[in-house]
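Engineer: Below you'll find the structure I mean.
Please treat every number below as a calculation from the coordinates, not as lab data. Note that the coordinates shown come from a computational prediction; the quantities given were computed from them, not determined experimentally. Note that we place each Cβ from the backbone using ideal geometry, even for glycine, and neighbour counts take in every protein chain shown.
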Amino acid sequence: MRIILASGSPRRKDLLTQAGLRFEVLVSDADESVEGEPYEQVAALAKRKANAVVERVAGPALIIAADTLVYTESRNGTGRILGKPKDAAQAYDMLQALQGRKHTVYTGVAILKVNDSTDMPPEMNVFVDAAYVHFRPLTPREINAYIATGEPFDKAGAYGIQEKGALLIERVEGDFYTVMGLPVSKLCVQLEDMGVQVWG
């Protein structure tokens, strides 16, 4: 069965390749504005991204879509969702909010099964995973040096755990790959349940 990744993320492509899966890429152009709790947002956006691609796919196929966000609580308990920074000032603000503290990364995954028969509607399977990331305390010099690498600008929360951003992190509770943007182990269990021979 064809597997289609509805994402242009190089990190997600690398993880599916690492898992030994053969897949195609069709980048979703879905609107990413959404409201609700963080876990609701990533689930809704993953579903929306999968649905945005389905009209370009003839079955049978499995479409995989995902969305990731960073959620942190301020010292007064107010929650804040951190998306991708628009500029260096916003990246600095995000990293300053994360440094020396724990935050949560949510990744939602949608798997849309497109059947061969037009009489059978597509089947959707959605799950959300969370991991907790502890940043070490950072100096302004370290934050600015990291921003100067250019890494923060295409990543939720203004950092990438698998790149130079690893130097900012003290420890992770949960699935490292959820923080990267795709909980690949949980995904492959779901794919096996849907008929994909992950192990060959």
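Engineer: Which of the GluC sites (Glu not before Pro) found in the stretch 1-110 are in a DSSP loop and have at most 10 neighbouring Cβ atoms, other than their own, within 10 Å? Mind dumping the intermediate values first?
Structural biologist: Values: sites: Glu24, Glu32, Glu35, Glu40, Glu55, Glu73; in loops: Glu32, Glu35, Glu55.
For GluC sites (Glu not before Pro) across the stretch 1-110 that sit outside H, G, I, E and B with at most 10 neighbouring Cβ atoms in 10 Å, the list reads Glu35, Glu55.
Engineer: Subtract the Cα-Cα distance of Gln162 and Val196 from 0.36 nm times their separation in residues, and report this length gain in nm to one decimal.
Structural biologist: Contour length minus the Cα-Cα distance gives 9.5 nm.
Engineer: For a quick check of your reading of the filter: which trypsin sites (Lys or Arg not before Pro) in the stretch 1-99 sit in a DSSP loop and have no more than 16 other Cβ atoms within 10 Å?
Structural biologist: Those that pass, being in a loop and sparsely packed, are Arg22, Arg56, Arg75, Lys86.
Engineer: Considering only C-alpha atoms, what is the centroid distance from the stretch 91-164 to the stretch 2-78, in Å?
Structural biologist: After rounding, the separation between the Cα centres reads 12 Å.
Engineer: How would you rank 187-198, 149-160, 59-70, highest first, on the average number of other Cβ atoms within 10 Å across their residues? Walk me through the numbers before you get to the answer.
Structural biologist: Details: 187-198: 14.5, 149-160: 20.6, 59-70: 23.2.
Per-residue mean Cβ counts within 10 Å order the peptides as 59-70, 149-160, 187-198.
Engineer: Taking only the alpha-carbon positions of the stretch 110-200 and ignoring solvent, what does the Debye formula give for the base-10 log of I(q)/I(0) at q = 0.22, 0.23, 0.25, 0.26 Å⁻¹?
Structural biologist: -1.08, -1.13, -1.25, -1.30
Engineer: Now for a different question. How are the C-alpha pair distances of the stretch 123-175 spread across 10 Å bins, as whole percents from the shortest bin up?
Structural biologist: Bins of 10 Å from zero give 20, 48, 21, 8, 2 percent of pairs.
Engineer: Put a dot 7 Å past each Cα toward the Cβ at Asn115 and Met1; how far apart are the dots in nm?
Structural biologist: 1.2 nm
Engineer: Given H placed on each backbone N at 1.01 Å, which residues far from Ile169 in sequence or on other chains put an amide H within less than 5 Å of it?
Structural biologist: Result for Ile169 returns Arg136.
Engineer: Starting from the alpha-carbon convex hull of the chain, give the projected area averaged over all orientations, in nm². Kindly include the intermediate steps, with their values, before the conclusion.
Structural biologist: Working: hull surface 45.4 nm².
Its average projected convex-hull area is 11.4 nm².
Engineer: Same structure, new question: Take the cross-link list Lys47/Lys84; Lys102/Lys186; Lys86/Lys113; Lys13/Lys49; Lys13/Lys47 and give me the ones stretching past 26 Å between alpha-carbons.
Structural biologist: Correct reply: Lys86/Lys113.
Engineer: Return the distance in nm (one decimal) between the two label points of a simple spin-label model at Val25 and Asn76, each offset 7 Å from Cα along Cα→Cβ.
Structural biologist: So the two model labels end up 4.3 nm from each other.
Engineer: Take Ala89 and Glu151, extend 7 Å from each Cα along the Cα→Cβ direction, and tell me the distance between the two endpoints in nm.
Structural biologist: 2.5 nm
Engineer: Could you tell me whether the stretch 16-62 comes out rounded, prolate or oblate from its Cα gyration tensor? Rule is a ≥ b ≥ c as square roots of the eigenvalues, rounded for a/c under 1.5, then prolate if a/b exceeds b/c, otherwise oblate.
Structural biologist: It comes out oblate by the Cα gyration axes.
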